[in-house]
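Chemist: Here it is: the structure, laid out below.
The values are calculated or read from the model by the stated rules, or taken from the named source; none is laboratory data. These numbers were taken from a predicted model, which means no experiment stands behind them. Don't worry about glycine lacking a Cβ; one is built from the backbone with ideal geometry, like all the others, and counts go over all protein chains shown. These area figures cover heavy atoms from the full protein model, side chains too; ligands, DNA and RNA do not enter into them. Shrake-Rupley method; radii C 1.70, N 1.55, O 1.52, S 1.80 Å.
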Amino acid sequence: MRIGELSKRTGVTPRSLRYYEEQGLLTSSRSGAGQRHYADSAVQRVSLIRQLFDAGMSSTVIATVLPCVDVPRDLDVAENTFSAMMHERDRIDADIAHLLETRDALDVLIRANSRHRAELSTPPGPATQPA
């Protein structure tokens with residue numbers, strides 16, 4: 001199938017599909033006129049690539065993980081993929097910890113702002129007249 005058809009079947013733009021090829025995530029053959037042609041299996045491949053991107057993985061990490069799909073019975077590939085996935089998981093854990101710290105700091109500011117707003121909306125007490 002040509003790039004437009006793959007785009008239509010996957011919901012991924014032709015620009016993204018070309019990017020996937022540039023990153024070594026997807027392959028195509030070329031016609032004599034230079035048009036890209038993809039195997040039917042490219043639909044599943046693009047779906048997997050999208051899932052990995054949606055999970056927050058970079059194209060570099062995805063390129064490390066995909067060989068496990070391509071060569072499932074190669075122990076070295078499986079070990080490299082496992083290592084890449086563990087590294088990615090550690091990165092995500094660090095990101096989560098940072099986000100939690102940021103949220104906690106924001107909660108402190110929200111509480112302070114809430115008290116300040118409450119003070120501003122409370123009318124001042126009766127003015128005392130000097131005797």
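Chemist: Looking at segment 82-104, is at least one residue of a type in the set (A, V, I, L, M, F, W, C), open to solvent by less than 100 Å² (accessible area, probe 1.4 Å), at pLDDT 95 or above and farther than 27 Å from Ile62 by Cβ?
Modeler: no
Chemist: Any residue in segment 112-127 that is within 30 Å of Ala42 (Cβ to Cβ), open to solvent by 80 Å² or more (accessible area, probe 1.4 Å) and among the aliphatic types (A, V, I, L, M)?
Modeler: Checked segment 112-127: no residue is within 30 Å of Ala42 (Cβ to Cβ), open to solvent by 80 Å² or more (accessible area, probe 1.4 Å) and among the aliphatic types (A, V, I, L, M).
Chemist: At least 2 residues that are in contact (Cβ under 8 Å) with a residue 12 or more places away in the chain, among the hydrophobic types (A, V, I, L, M, F, W, C) and surrounded by fewer than 18 Cβ atoms within 10 Å (Cβ to Cβ) in each: list the helices (runs of 4 or more DSSP H) lying fully within segment 1-81 that qualify.
Modeler: The qualifying helices (runs of 4 or more DSSP H) are 42-54, 59-70.
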